[in-house]
Amino acid sequence: MATVQLAVNGTLMRGLKLNPNMLAVGATFSHEAKTAPEYRIWTIADEHPAMQRVAAGGVSVALEIWDVPPEGLGVVLQQEPPGLCIGKVKLEDGTFVLGVLGEAVLCEGQQEISRYGGWRNYIAQKG
């Protein structure tokens, strides 16, 4: 069966809060990756991150790439927190895959955590 590659940058990653949503649809971890240095990331109330591609001032964000059955993609998206969506994410090697992004309105007034390079680094520093 064909799968769709999905880049995740937060709580859908291995061992984190919403990872069971990935496993429940039969998704399998493929590999770790990074975005091109064109993204910023925010913590949304310290519950989950939101990542956006920007025209200037971006960083590379650590990701996990998962192979998701096509019929499971919508299920995973419907279980994501409001304001998160699926779009194309540019990887370090210049290729694009589908990935989880945050709407601009979701990030307004939230703490930017781009300097940490990803959600795992951010939560690790919080202890």
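Numerical summary
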{"quantity": "Segment 71-111 - convex hull of alpha carbons, volume per residue in Å³", "calculated": "87"}
{"quantity": "Cα gyration tensor, segment 1-70 - rounded (a/c under 1.5), prolate or oblate", "calculated": "oblate"}
{"quantity": "Shape category assigned to the chain from the gyration tensor of Cα positions, a/c cut at 1.5", "calculated": "prolate"}
{"quantity": "Inter-site label distance for Phe96 and Lys126 at 7 Å from Cα along Cβ, in nm", "calculated": "3.2"}
{"quantity": "Heavy-atom SASA rank of Val61, Val54 (probe 1.4 Å, accessible area, largest first)", "calculated": "Val54, Val61"}
{"quantity": "The chain: relative contact order in percent, alpha carbon pairs under 8 Å with at least 6 residues between", "calculated": "33"}
{"quantity": "Full-stretch length increase - Gln111, Ala24 - with 0.36 nm per residue and alpha-carbon distance subtracted", "calculated": "28.2 nm"}
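The values are calculated or read from the model by the stated rules, or taken from the named source; none is laboratory data. Small disclaimer: the values here were computed from a predicted structure and weren't measured. Every residue, glycine as well, gets a Cβ built from its backbone with ideal geometry; the counts of neighbours run over all protein chains shown. Quick note on the areas: whole protein, heavy atoms, side chains included, nothing else; ligands and nucleic acids left out. Shrake-Rupley method; radii C 1.70, N 1.55, O 1.52, S 1.80 Å.
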